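Here is the structure we will look at, set down as structure tokens.
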Amino acid sequence: MESLQQVWDTVCSIVKQKISTVAFNSWIGIIKPIFLEEDRLYLSVPSTFQKNIIETNYLKLIESTCEEVMGFKLRAVLRSEQGEPEGGSVKSALDSQYTFENFVVAASNKFAFAAAQAVAKAPGRTYNPLLIYGESGLGKTHLLTAIKNTVSENYPSYNIVAVQGEDFINDFIESITHNSQPDFRKKYRSCDVLLVDDIQFIANKTAVQDEFYSTFDNLHRAGKQIVLSSDRPPKDILSLDSRLRSRLELGLADIGAPDYETRVAIIRKKAELASLELSDDVVDYIADKIKVNIRQIQAVITKLSAKYIMNGQIPTLLLTIETCHDIISDISRPAITVDIIKEEVSRVYQIPPEDISSEKQSAQISLVRQIAMYVTRELTGLSLKEIGAEFGDRHYSTVNYAIARTAKEIRKNQKLSETIEDIIKNIKSKQ
Ligand code: ADP
Ligand code: MG
């Protein structure tokens, strides 16, 4: 169940990028995943009214995103739980995983982590404002969420307002359009802790910056805690008002890219949270492939977990390679050449490498050729056409057939599957 929730959270994070925040919060954020049965995903929403709107407007988007995440087609079936109060948004499981405990502390983030913890422990008294900055996918939202949840546990009476930079902008614009500025100010100025995630969005928006500055000033003077995140340091947000910039620079805590050991620790942590067992090879492969964006690491784990739960697929190295390919569409082309692949495959099967690209059609040579094409597809990101050209100018449909056939054989034949895993491992270790 927890894992279905994780899959759903991944779907949500993708849908979120495709529609407006308002639409997302109104229609997608309220959906609760119930269970998955074969190719049907049952979802529940509070009311029939909401169900109808979602079915008309978002069902296709939900289904195509699910396919993107899980790798197979499925039908989303909505249920309404009428009778329950409307609009009560469901707290996401991921949100509850964004705790200090689940955050892997390393050199690249230890200051930001310590500052976040200090703020959560005693809001308004240590780093104020606290501005966490780091590139996308390095844990800013995770830390902000951990602060929010810890404060709300330790200080139940506190009024905590946590929004996205974009929401702040939208609320502000709306308050002007509807002449409801007092409401806006009431919301943002009467809180004990204000958390604004992705503040960089206010760049280039003068009126919003002014409003933000005075909100900020107001809260600060009242000793209220302000926590912000940005994917750039204030000095790089060019259009930032200089007053605002110097204020923000006071409480900077940056997060850098994780090193190899940290990535390994994060992968293990994420796998543990998903109750997924990963071999050292697999952990090493992911840590090696995904160097910067931890969100992509999470996506790989979630996808592997979905494949295991839904199709019983064990997270082998092969499956992991495939999954990483899917996640990083522009996966950096490894410095693996087709020659290295041919050499390794022919070494394992003890035939001369040049036979692989030759016209020879003996059963053994054809088999080895097909395997080499399969491995090339796995490791190089070359197109079918390009692979054909590398293997004695063969037509792409021949390559396609070779790959499909090998993939099918791998599923049936344990020994072949192991041999190919070894080949891939060896080639990788030569890099
Ligand atoms: P950002 O907001 O900076 O773009 P997020 O906070 O959304 O990044 O993090 C992306 C993913 O990476 C989340 O799943 C988060 O839990 C994970 N993550 C980032 N840093 C760490 C860390 N140090 N330990 C554990 N998970 C992390
Ligand atoms: Mg974020």
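With respect to (1) within 16 Å of ligand 1 (Cβ to nearest atom); (2) more than 24 Å from ASP9 (Cβ to Cβ), the lone exception for TYR158 is condition (1).
Scanning segment 232-253 for residues that are in contact with a Leu (Cβ under 9 Å, 6 or more places away or on another chain) and either outside any helix (DSSP H, G or I) or within 16 Å of ligand 1 (Cβ to nearest atom) (or both) gives PRO233, ILE237, LEU240, LEU250, GLY251, LEU252, ALA253. Only one of the listed residues (THR177, THR99) is within 15 Å of ligand 1 (Cβ to nearest atom), surrounded by fewer than 16 Cβ atoms within 10 Å (Cβ to Cβ) and not assigned by TED's automatic domain parsing to the domain that holds ALA23. That residue is THR99. Of the residues making up segment 224-237, those that are open to solvent by 40 Å² or more (accessible area, probe 1.4 Å) and modelled with pLDDT of 95 or more number 1.
Could you grab me the full set of residues in segment 117-147 that are more than 11 Å from ligand 1 (Cβ to nearest atom) and in contact with a Phe, Trp or Tyr (Cβ under 9 Å, 6 or more places away or on another chain)?
Restricting attention to segment 117-147, the residues satisfying the condition of being more than 11 Å from ligand 1 (Cβ to nearest atom) are 117-131, 147.
Scanning segment 117-147 gives GLN117, ALA118, VAL119, ALA120, PRO123, PRO129, ILE147.
Applying the condition of being crowded, with 17+ Cβ neighbours inside 10 Å and of a type outside the set (Lys, Arg) to segment 242-253 and asking which residue is nearest to ligand 2 (Cβ to nearest atom) yields ALA253. Can you find a residue that is in contact (Cβ under 8 Å) with a residue 60 or more places away in the chain, in contact with a helix residue (DSSP H, G or I) (Cβ under 8 Å, 6 or more places away or on another chain), among the hydrophobic types (A, V, I, L, M, F, W, C) and under 30 Å from ILE297 (Cα atoms) anywhere in segment 408-416? Checking segment 408-416: at least one residue is in contact (Cβ under 8 Å) with a residue 60 or more places away in the chain, in contact with a helix residue (DSSP H, G or I) (Cβ under 8 Å, 6 or more places away or on another chain), among the hydrophobic types (A, V, I, L, M, F, W, C) and under 30 Å from ILE297 (Cα atoms). Residues of segment 359-370 that are small (Gly, Ala, Ser) and open to solvent by less than 30 Å² (accessible area, probe 1.4 Å): SER366 alone. Taken over segment 185-207, the criterion of being open to solvent by 10 Å² or more (accessible area, probe 1.4 Å) and assigned to a helix (DSSP H, G or I) is satisfied by ARG185, LYS186, LYS187, ARG189, GLN200, PHE201, THR206, ALA207.
Do we find a residue being out of contact with any strand residue (DSSP E or B) (no Cβ under 7 Å at 6 or more places or on another chain), small (Gly, Ala, Ser) and surrounded by 17 or more Cβ atoms within 10 Å (Cβ to Cβ) anywhere in segment 54-68? Checking segment 54-68: not a single residue is out of contact with any strand residue (DSSP E or B) (no Cβ under 7 Å at 6 or more places or on another chain), small (Gly, Ala, Ser) and surrounded by 17 or more Cβ atoms within 10 Å (Cβ to Cβ).
Filtering segment 104-131 to residues that are of a type in the set (S, T, N, Q) and away from ligand 2 (no atom under 16 Å from the Cβ) leaves SER108, GLN117, THR126, ASN128.
Hey, any hits in segment 146-159 for a residue that's open to solvent by less than 30 Å² (accessible area, probe 1.4 Å) and free of Cβ contacts under 8 Å to residues at least 40 places away in the same chain? The answer is no, given that none of the residues of segment 146-159 is open to solvent by less than 30 Å² (accessible area, probe 1.4 Å) and free of Cβ contacts under 8 Å to residues at least 40 places away in the same chain. Of all residues in segment 278-298, those satisfying the criterion of being in a loop (DSSP other than H, G, I, E, B) and under 24 Å from VAL11 (Cβ atoms) are LEU278, ILE290, VAL292, ASN293. Please determine, by comparing only the residues of segment 371-390 that are surrounded by 21 or more Cβ atoms within 10 Å (Cβ to Cβ) and more than 29 Å from the chain's Cα centre (by Cα), which one is nearest to VAL345 (Cα to Cα). Once the filter is applied, the top-ranked residue is ALA372.
If the condition is being assigned to a helix (DSSP H, G or I) and either surrounded by 14 or more Cβ atoms within 10 Å (Cβ to Cβ) or in contact with a Cys (Cβ under 8 Å, 6 or more places away or on another chain) (or both), then segment 40-52 contributes GLN50, LYS51.
Going through segment 132-164 one residue at a time, which ones are near ligand 2 (Cβ under 10 Å from one of its atoms) and either farther than 26 Å from ALA203 by Cβ or in a helix (DSSP H, G or I) (or both)? Those that are near ligand 2 (Cβ under 10 Å from one of its atoms) and either farther than 26 Å from ALA203 by Cβ or in a helix (DSSP H, G or I) (or both): LYS140, THR141, HIS142, LEU143, LEU144, THR145. Pairs linking a residue in segment 183-212 that is on the phi > 0 side of the Ramachandran plot to a residue that is open to solvent by 30 Å² or more (accessible area, probe 1.4 Å) and within 16 Å of ligand 2 (Cβ to nearest atom), with Cβ atoms under 9 Å and 6 or more positions apart or on different chains, are ASP198/THR141; ASP198/GLN164; ASP198/GLU166; ASP198/ASP231.
Of the residues examined, GLN313 is not one that is within 16 Å of ligand 2 (Cβ to nearest atom) and either open to solvent by 10 Å² or more (accessible area, probe 1.4 Å) or of a type in the set (Val, Ile, Thr) (or both). Only residues that are modelled with pLDDT under 95, closer than 30 Å to ILE31 by Cα and of a type in the set (Phe, Trp, Tyr) were counted in segment 73-131, giving 1.
Cβ-Cβ distances below 7 Å connect the following pairs, each with a first residue in segment 116-145 that is without any contact (Cβ under 8 Å) to a residue 12 or more places away in the chain, a second residue that is among the aromatic types (Phe, Trp, Tyr), and a separation of six or more residues or different chains: ALA118/TYR127.
Show me the helices (runs of 4 or more DSSP H) found entirely inside segment 346-431 where at least 3 residues are modelled with pLDDT under 90 and closer than 30 Å to VAL282 by Cβ. The qualifying helices (runs of 4 or more DSSP H) are 363-380, 396-412, 414-429.
The values are calculated or read from the model by the stated rules, or taken from the named source; none is laboratory data. Computed from a predicted model, the values in this text were never measured in an experiment. So basically every Cβ, Gly included, is an ideal-geometry build from the backbone, and we count neighbours across all protein chains shown. Quick note on the areas: whole protein, heavy atoms, side chains included, nothing else; ligands and nucleic acids left out. Shrake-Rupley method; radii C 1.70, N 1.55, O 1.52, S 1.80 Å.
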